[in-house]
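Asker: Dropping the structure in here first, questions after.
The numbers here are math on the coordinates, done by the rules we state, and not lab data. Here the structure is a predicted model, which means the values were calculated and not measured. Note that we place each Cβ from the backbone using ideal geometry, even for glycine, and neighbour counts take in every protein chain shown.
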Amino acid sequence: MRLHALAVSVMVITLANAAFAAPSVMHVTLGVASETPVSGRLLIFAQPLAEAQAGPKGQAMKFVDVDLGSSHPGFVAAQEITHLTPGETIDVDTDALAFPKPFSKLPSGRYAVQAVLDVKHTYNLGGRSGSGGDLVSPVVEMDLPAGGALTLSSVMRAIDPTAIGPYDSATEARDYPLAAGDIRPIDFESPSLSPVSGAGQFIYGAGCCCRLVTPLPMNVIPPSIGPMASARPRSSNIERR
């Protein structure tokens with residue numbers, strides 16, 4: 001009877017420990033990406049390694065992101081950063097604010113993981129900043145939900161909205177250069193919203209790397225561009241300082 005009671009007690013304790021498992025923690029360091037303190041929303045992206053490697057063959061994994069239109073959207077956790085100095089490491093609880101589930105609940109295995117510091121808080125509007133400035137880590141392979149370490153070592157370069165991509169049509173390839181001189185970025189701090197919120201609020205053409213084409217005589221506006229247009233999304237290039 002006593003052995004039976006002991007076995008039941010051990011089982012209860014084991015189940016309780018499993019239910020309250022320690023959160024998955026990611027250690028993120030500000031590396032050479034910035035020589036001054038930074039702030040923003042720190043995003044941790046994770047994708048099962050096999051899925052991340054299913055991209056273009058023979059190419060290194062340059063980024064990990066969330067794609068809600070995919071049957072395998074990936075995982076993301078976030079934490080607000082108010083002051084991170086060069087060389088400093090911060091522990092990110094990837095359970096506190098995560099989608100679609102806490103990282104501690106991810107199936108055990110090998111993952112591709114990347115950190116992005118969204119300095120303008122624009123990711124939720126449509127993705128990584130087309131105007132540049134976000135800090136990123138390399139893509140690191142690690143075991144989850146055990147956690148690991150990442151270093152912000154690069155700065156995302158601004159996207160050229162007139163650059164010709166592999167999926168652009170012949171018409172777009174012809175017309176983008178014609179409109180290049182009249183394209184203006186939509187990226188500024190709002191003088192009305194910032195005082196109300198008490199913090200900088202930016203108006204930014206996110207997602208589609210939006211740009212405004214200033215009015216031109218209709219007879220010189222390329223048909224595929226029109227008087228107002230936004231360039232198509234581009235893959236963000238990464239540069240190392």
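Asker: Take every Cα pair under 8 Å in the stretch 20-156 that's 6+ residues apart, average their separations, divide by the length, and report that relative contact order as a whole percent. Walk me through the intermediate numbers first.
Answerer: Details: 331 pairs, mean separation 49.2, N = 137.
Result for the stretch 20-156 is 36 percent.
Asker: To the nearest 0.05, how large is the calculated FRET efficiency for Val196 and Leu97 if R₀ is 35 Å and r is the Cβ-Cβ distance? Show your work: numbers first, answer last.
Answerer: Numbers: r = 24 Å, r/R0 = 0.70.
For R0 = 35 Å, the calculated efficiency reads 0.90.
Asker: Just to check I understand the Karplus step: with θ = phi - 60° and J = 6.51 cos²θ - 1.76 cosθ + 1.60, what whole-Hz values come out for the stretch 42-51, glycine and proline as x?
Answerer: 8, 10, 10, 9, 9, 8, x, 4, 4, 5
Asker: Okay, moving on. Sort Ser24, Ser190 by Cβ crowding within 10 Å, fewest neighbours at the top. Mind showing how you got there, number by number?
Answerer: Values: Ser24 23, Ser190 13.
So the ranking, lowest neighbour count to highest, is Ser190, Ser24.
Asker: How about the stretch 37-133: which trypsin sites (Lys or Arg not before Pro) there lie in a loop by DSSP and see at most 10 other Cβ atoms within 10 Å? If you can, show how the numbers build up before the last one.
Answerer: On the way: sites: Arg41, Lys57, Lys62, Lys105, Arg110, Lys120, Arg128; in loops: Lys57, Lys62, Lys120, Arg128.
Here the trypsin sites (Lys or Arg not before Pro) that fit, given the DSSP loop and packing criteria, are Lys57.
Asker: Starting at 0 and stepping by 10 Å, how many percent of the alpha carbon pairs of the stretch 20-156 end up in each bin?
Answerer: Bins of 10 Å from zero give 12, 46, 35, 7, 0 percent of pairs.
Asker: Arrange the following residues from fewest to most other Cβ atoms within 10 Å of their Cβ: Asp65, Asp118.
Answerer: On the way: Asp65 16, Asp118 20.
Result, fewest neighbours first: Asp65, Asp118.
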